[in-house]
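We did not get these values from a lab; they are worked out from the coordinates using the rules stated. As the structure is a computational prediction, the values presented were derived from the model and not from experiment. Glycine also receives a Cβ, built like all others from the backbone with ideal geometry; neighbour counts cover every protein chain displayed.
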Amino acid sequence: MNGVSKKISVNSLIEKPMRYNFIIIILILILIFVCETNIVFAGSATLRWNANSESDLAGYRIYYGTSPRTGTNPGTASTNPLPKCNMCGYTNVIDVGKTSTPSSPQYTITNLTSGQTYYFSVMAYDTSGNESAFSSEVSKLISVTADLNFDGYVNSVDFGIMMSFWGSQPTKPLADINQDGYVNSVDFGILMSQWTN
Ligand SMILES: [Ca+2]
Ligand SMILES: [Ca+2]
């Protein structure tokens, strides 16, 4: 991406689409997401992908939401020649830069709702503001957990939290483990099935 984007010439108009195709191909080939959750960090998803090796890579943005995306190119930059869908049906975007481990980038998204399926895509951008299209989309059902205080155990503490939310819960707190709008015997049954001590 170096050099080409900095030329103000007909060549840049010709070469940019080729470069975008290259980026798109690279992303499709290398963006292998691994979503995972565990009992301690319930309500989170860790995304991993292979690094983009271009010298002027500036970072990545992760788009996500609870509905599948509606397009392939987030395209907020004016330099992006591809058709744009902006948020493309997602509700959240995080600029993660090159991440803390640039050679094997990964990022953990927290505060996700248990029992809800989330959809994720990553795109790359360079130091000139050029943006790639999305990676392939992945989805993840966030594990239903009764570890309501995220301490690694399902025990009387979590039971106490559940009791404090007992009843109808329009805001669906974590105590509503199956996220059906009620904290009731169904959730209690899930808690009992996961009891650890
Ligand atoms: Ca707990
Ligand atoms: Ca419930």
Measure off 7 Å from each Cα along the Cα-to-Cβ vector at Ser53 and Ser128, then give the distance between these two points in nanometres to one decimal. 2.1 nm
Within a 10 angstrom radius of the beta carbon, how do Met163, Met87 rank from fewest other beta carbons to most? Met163, Met87
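Could you compute the net charge surrounding Thr196? Neighbours are other residues with a C-beta less than 13 Å from the C-beta of Thr196; K and R count +1, D and E count -1. If you can, show how the numbers build up before the last one.
Numbers: positive: none; negative: Asp147, Asp151, Asp158.
Residues near Thr196 contribute -3 overall.
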Once you have a ≥ b ≥ c as the square roots of the Cα gyration tensor eigenvalues for the range 65-197, tell me rounded if a/c is under 1.5, and otherwise prolate or oblate according to whether a/b is larger than b/c. prolate
